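Take a look at the structure set out below.
FYI, it's all coordinate maths here, none of it is from the lab. Just so it is clear, the structure is predicted and the values come from calculations on it, not from any experiment. A quick note on method: Cβ atoms are made from the backbone with ideal geometry, for glycine too, and the neighbour counts reach across all protein chains shown.
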Amino acid sequence: DTGVSQDPRHKITKRGQNVTFRCDPISEHNRLYWYRQTLGQGPEFLTYFQNEAQLEKSRLLSDRFSAERPKGSFSTLEIQRTEQGDSAMYLCASSLATNSPLHFGNGTRLTVT
Amino acid sequence: AQSVTQLGSHVSVSEGALVLLRCNYSSSVPPYLFWYVQYPNQGLQLLLKYTTGATLVKGINGFEAEFKKSETSFHLTKPSAHMSDAAEYFCAVSEGAAGNKLTFGGGTRVLVKP
């Protein structure tokens, strides 16, 4: 169990640029989740996948946010035309199945200047 | 809709003293309840969870929590604080059997004084 891996750990970008984050879940986990955590707040659910199927994306914050998991393994979260309000920690988690505990990665901290 | 309220964004305790972190939830379905801990610049680690059955749940690092349906509470306790317990703690609720779409509280940061 090598844990959930997220890359990069930190990303600084200028407003209006696009950014993409990667998450590698624990290898046998078929569920993958994205959360956003702003300073002083708890994580906020964004979207999740079961294998390659995105089962919910209604919580994605705007149409500038999109996520993919093309082969049911790693996932990417893209933010287009970044805004200063997008500055946050983006957390990925994976689980083996429904009702299995979530295993979180260490997150990607995004700063939009 | 579900929600979680954690009373007190910061708690300061002396080493060896009781740690008590309060969590109240609202849910329209029988809840699954969780406590997570987050150390600086790290992801969240599961401390314990309640799904069904025994209402007193024991977790890692000496923590436990009690589910009280009548009070809609799931408070976290540890009898004796250790310096390594300094971290931020999050209570979360999920949509019952759906399990994994967690709604988190705002967190409580614990400071342990020597």
Relative contact order as a percentage, the stretch A:1-105, C-alpha pairs under 8 Å and 6+ apart, gives 34 percent
Nearest-20 debye value, the protein assembly as shown charge dipole, Cβ charges on Lys, Arg, Asp, Glu = 340 debye
Suppose every K and R has +1 on its Cβ and every D and E has -1 on its Cβ; what is the size of the dipole of the stretch B:1-94 about the Cα centre, in Debye to the nearest 20?
-> 240 debye
For A:102-112, what's the mean count of beta carbons from other chains sitting within 10 Å of each residue's beta carbon?
-> 3
At 7 Å along the Cα-to-beta-carbon direction for both B:Asn61 and A:Ala97, put a label point, then send me their distance in nm to one decimal.
-> 2.9 nm
About the Cα centre, charge dipole magnitude for the stretch A:56-113 (Lys/Arg +1, Asp/Glu -1 at Cβ), debye = 100 debye
If each Cα of the protein assembly as shown is one equal point scatterer, what is log10 of I(q)/I(0) from the Debye formula at q = 0.10 Å⁻¹?
-> -0.45
Within 10 Å of each Cβ in peptide A:88-100, how many partner chain Cβ atoms are there on average? Round it to a whole number, please.
-> 2
Stick to Cα atoms and the Kirkwood definition of Rh, then tell me Rg/Rh for chain A.
-> 0.95
Which residues' amide hydrogens lie under 5 Å from the amide hydrogen of B:Arg109, considering only partners 5 or more residues apart or on another chain, with H built in the peptide plane?
-> B:His10, B:Val11, B:Tyr89
Return the average number of partner chain Cβ atoms within 10 angstrom of each residue Cβ along peptide A:41-48.
-> 5
Hey, rough spin-label estimate for B:Leu20 and B:Thr77, points 7 angstrom out along Cα→Cβ, what's it come to in nanometres?
-> 0.8 nm
Segments B:20-29, B:47-56, A:89-98 sorted - mean Cβ within 10 Å per residue, highest first = A:89-98, B:20-29, B:47-56
In square nanometres, what is the average projected area of the Cα convex hull of chain B?
-> 6.7 nm²
Residues of type lysines that A:Lys57 reaches as a straight line, Cα spacing below 23 Å, ignoring anything fewer than 8 places off in the same chain | A:Lys71, B:Lys101
Charge dipole (the stretch B:14-100, unit charges on Cβ, about Cα centre) - positive-most of B:Pro40, B:Ser70, B:Ser80 | B:Ser70
